[in-house]
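Enquirer: Below is one structure. I have some questions about it.
The values are calculated or read from the model by the stated rules, or taken from the named source; none is laboratory data. Keep in mind that what you see is a predicted model, and the values were worked out from it rather than measured. Here the Cβ positions follow ideal geometry from the backbone for every residue, glycine too, while neighbour counts run over all protein chains shown. Just so you know, the surface numbers come from the protein's heavy atoms only, side chains and all, with ligands and any DNA or RNA stripped out. Shrake-Rupley method; radii C 1.70, N 1.55, O 1.52, S 1.80 Å.
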Amino acid sequence: MAHERVGRGRVGPGAALGGFAAVAVTAALLATPATATATVGTGLVPAGATGPVHGAPGTGRGHGTQPRPAAGAAGAAVRGLDVSAYQETVDWAAVAAGGASFAYVKATEGTTYISSRFSGQYDGAAQAGLIRGAYHFARPDKSSGAAQADYFVDHGGAWRPDGKTLPGVLDVEPTPGLPTCYGVDPGTTVRWIASFDGEYLRRTGRHPVINTNASWWSQCTGNSSAFAATNLLWIGSYTGTPHPLPDGWSRYAIWQTSDSGPFPGDQDLFNGTARDLRNLARKGTYTPPPPPRAGAWPVVQQGYAGRQVTTLQYLLDAHGASLSVDGSFGAGTRDAVVAFQTRNQLTPDGVVGPGTWLALVN
């Protein structure tokens, strides 16, 4: 579903909001989450908004703000990682000793690529006591979804109810250097995902987990909600929050928080307890816990759209900006955010988090 466009309006520099009014307006408008849209024509997602291609070499630096851990046993985060052939050597014993509980390993891409390191990584994770699963990198421009699902299942991606194998993952996200959405229109992309999903379900008895980011999903599927009722979501977001989620999903199963950290490859948090993770491996599905109660300050940045952005634009104009209030976080809104952050001795990164919101409403 495409994001809602809000009517245009202007707030003059003299129309500053009083503290109480600003908080009231902000609280009302922030109740509806923003959606995220990708930068059209680039094949890339907004900087810092989502993760890169799975398993690509990390920079050695964390991204975004520190995430709030998912609740695990006794309140501990249930941490994991995902790797590919880019991670040539993984000390799985050290990974397990460092606190990882699960791992996803790239198995296939399209119908011609099998990771040369899949078997060693997949078996190594299991031998170290991690619950592990496999993922397939989607190429909707290459062959049918059903054909790629068969290729994935035939080369390591099958799920089995053994208590240590996670359901397979369909990884749908951009590849830098290739056309936006692989040159495939949203309707065709949705049908392609449905073809993969149906064949994986037929072969394994379970739906694959869908890994994506909100920007790519919004642009390349038209923000489809077709899979939210059947497929668990693995969301990629480096902003310090997994939200906003793609349309239809109110809960997520896994959150990829960064492309570097204490573990090799990408860093992940499971949304649930260690027992939930074991149940997912044993049953091939589970019910993620609901999101936290509304009221927490969201993270909003370039590429997002919706009422949260409308709120932001009104508040920026009340502080002297001159924006068209259209609910779309474009370059002009980002420039206004950076200018406001600079004036208020905040980190001028163009990302609107709790500190910037609080400064705006005071």
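Enquirer: Considering only residues that are open to solvent by 30 Å² or more (accessible area, probe 1.4 Å) and of a type in the set (Val, Ile, Thr), which ones fall in the range 311-362?
Expert: 338, 342, 347, 351
Listed here are the residues, each with its yes/no results for (1) modelled with pLDDT of 95 or more; (2) under 18 Å from the mean Cα position of the chain (by Cα); (3) within 25 Å of residue 175 (Cβ to Cβ).
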site: 65; (1), (2), (3): no, yes, no
site: 68; (1), (2), (3): no, yes, no
site: 85; (1), (2), (3): yes, no, yes
site: 91; (1), (2), (3): yes, no, no
site: 94; (1), (2), (3): yes, no, no
site: 97; (1), (2), (3): yes, no, no
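Enquirer: Taking the range 101-113 on its own, how many of its residues are surrounded by fewer than 18 Cβ atoms within 10 Å (Cβ to Cβ) and closer than 19 Å to residue 88 by Cβ?
Expert: Number of matching residues: 1.
Enquirer: Assess whether residue 152 counts as being touching a strand residue (DSSP E or B) at 6+ places or on another chain (Cβ under 8 Å) and closer than 23 Å to residue 218 by Cα.
Expert: Details: touching a strand residue (DSSP E or B) at 6+ places or on another chain (Cβ under 8 Å): yes; closer than 23 Å to residue 218 by Cα: no.
So residue 152 does not fit the description; no.
Enquirer: Right, another one. When residue 238 is evaluated against the numbered criteria (1) touching a His at 6+ places or on another chain (Cβ under 8 Å); (2) modelled with pLDDT of 95 or more; (3) farther than 20 Å from residue 133 by Cβ; (4) not polar (S, T, N, Q), which criterion, by number, is the only one it fails?
Expert: Of (1) touching a His at 6+ places or on another chain (Cβ under 8 Å); (2) modelled with pLDDT of 95 or more; (3) farther than 20 Å from residue 133 by Cβ; (4) not polar (S, T, N, Q), only one is false for residue 238: (2).
Enquirer: Within the group 257, 221, which residue is closer than 29 Å to residue 333 by Cβ, crowded, with 23+ Cβ neighbours inside 10 Å, of a type outside the set (A, V, I, L, M, F, W, C) and more than 14 Å from the chain's Cα centre (by Cα)?
Expert: On the way: 257 fails: more than 14 Å from the chain's Cα centre (by Cα).
Sole residue among the options that is closer than 29 Å to residue 333 by Cβ, crowded, with 23+ Cβ neighbours inside 10 Å, of a type outside the set (A, V, I, L, M, F, W, C) and more than 14 Å from the chain's Cα centre (by Cα): 221.
Enquirer: Does the range 79-137 hold any residues that are on the phi < 0 side of the Ramachandran plot, touching a strand residue (DSSP E or B) at 6+ places or on another chain (Cβ under 6 Å) and of a type in the set (Gly, Ala, Ser), and which are they?
Expert: Once the filter is applied, which keeps residues that are on the phi < 0 side of the Ramachandran plot, touching a strand residue (DSSP E or B) at 6+ places or on another chain (Cβ under 6 Å) and of a type in the set (Gly, Ala, Ser), the range 79-137 yields 80, 84, 100, 101, 103, 107, 115, 125, 126, 133, 134.
Enquirer: Okay, next question. Could you tell me whether the range 324-340 includes any residue that is acidic (Asp, Glu), under 27 Å from the mean Cα position of the chain (by Cα) and under 14 Å from residue 309 (Cβ atoms)? Steps first, please.
Expert: Going through the range 324-340, the residues acidic (Asp, Glu) turn out to be 326, 335.
Going one step further and asking which of them are under 27 Å from the mean Cα position of the chain (by Cα), we end up with 326, 335.
Filter once more, so that each one left must be under 14 Å from residue 309 (Cβ atoms): 326.
Among the residues of the range 324-340, at least one is acidic (Asp, Glu), under 27 Å from the mean Cα position of the chain (by Cα) and under 14 Å from residue 309 (Cβ atoms), which makes the answer yes.
Enquirer: For the range 121-169, give me the residue count where each residue is part of a helix (DSSP H, G or I) and of a type in the set (A, V, I, L, M, F, W, C).
Expert: The first filter runs over the range 121-169 and keeps only residues part of a helix (DSSP H, G or I), leaving 121-127, 145-157.
If we keep only those that are of a type in the set (A, V, I, L, M, F, W, C) too, we end up with 125-126, 146-147, 149, 152-153.
Adding up the residues that qualify gives 7.
Enquirer: While we're here: Consider the range 139-161. How many of its residues are touching a helix residue (DSSP H, G or I) at 6+ places or on another chain (Cβ under 7 Å), crowded, with 23+ Cβ neighbours inside 10 Å and of a type in the set (Gly, Ala, Ser)?
Expert: Residues meeting the conditions: 1.
Enquirer: Hey, can you tell me all the residues within the range 176-199 that are buried (at least 17 other Cβ atoms within 10 Å of the Cβ) and modelled with pLDDT under 95?
Expert: The answer is 180, and nothing else.
Enquirer: Let me ask another. On the given criteria, is residue 164 open to solvent by 40 Å² or more (accessible area, probe 1.4 Å) and either out of contact with any Pro (no Cβ under 6 Å at 6 or more places or on another chain) or hydrophobic (A, V, I, L, M, F, W, C) (or both)? Walk me through it before giving the result.
Expert: Values: open to solvent by 40 Å² or more (accessible area, probe 1.4 Å): yes; either out of contact with any Pro (no Cβ under 6 Å at 6 or more places or on another chain) or hydrophobic (A, V, I, L, M, F, W, C) (or both): yes.
Answer is yes for this residue.
Enquirer: List every residue pair whose Cβ atoms lie under 8 Å apart, where the two residues are 6 or more positions apart in sequence or sit on different chains, the first residue falls within the range 241-256 and is under 17 Å from residue 269 (Cβ atoms) and basic (Lys, Arg), and the second residue, located anywhere, is part of a strand (DSSP E or B) and open to solvent by less than 30 Å² (accessible area, probe 1.4 Å).
Expert: Once the first residue is under 17 Å from residue 269 (Cβ atoms) and basic (Lys, Arg) and sits in the range 241-256, its partners that are part of a strand (DSSP E or B) and open to solvent by less than 30 Å² (accessible area, probe 1.4 Å) give 251/233.
Enquirer: List pairs: first in the range 206-232 and at positive phi, second assigned to a helix (DSSP H, G or I) and hydrophobic (A, V, I, L, M, F, W, C), Cβ under 9 Å, 6+ apart or cross-chain?
Expert: The qualifying pairs are 222/190; 223/214; 223/217.
Enquirer: A follow-up question, please. Among the residues in the range 200-212, are any open to solvent by less than 10 Å² (accessible area, probe 1.4 Å), touching a His at 6+ places or on another chain (Cβ under 8 Å), of a type in the set (Phe, Trp, Tyr) and closer than 22 Å to residue 256 by Cα?
Expert: No, that holds for no residue.
Enquirer: Please give the helices (runs of 4 or more DSSP H) falling wholly within the range 170-288 in which 3 or more residues are under 23 Å from residue 151 (Cα atoms) and among the charged types (D, E, K, R).
Expert: On the way: elements: 186-204, 214-221, 274-283.
Where helices (runs of 4 or more DSSP H) fall fully within the range 170-288 and carry at least 3 residues being under 23 Å from residue 151 (Cα atoms) and among the charged types (D, E, K, R), they are 186-204.
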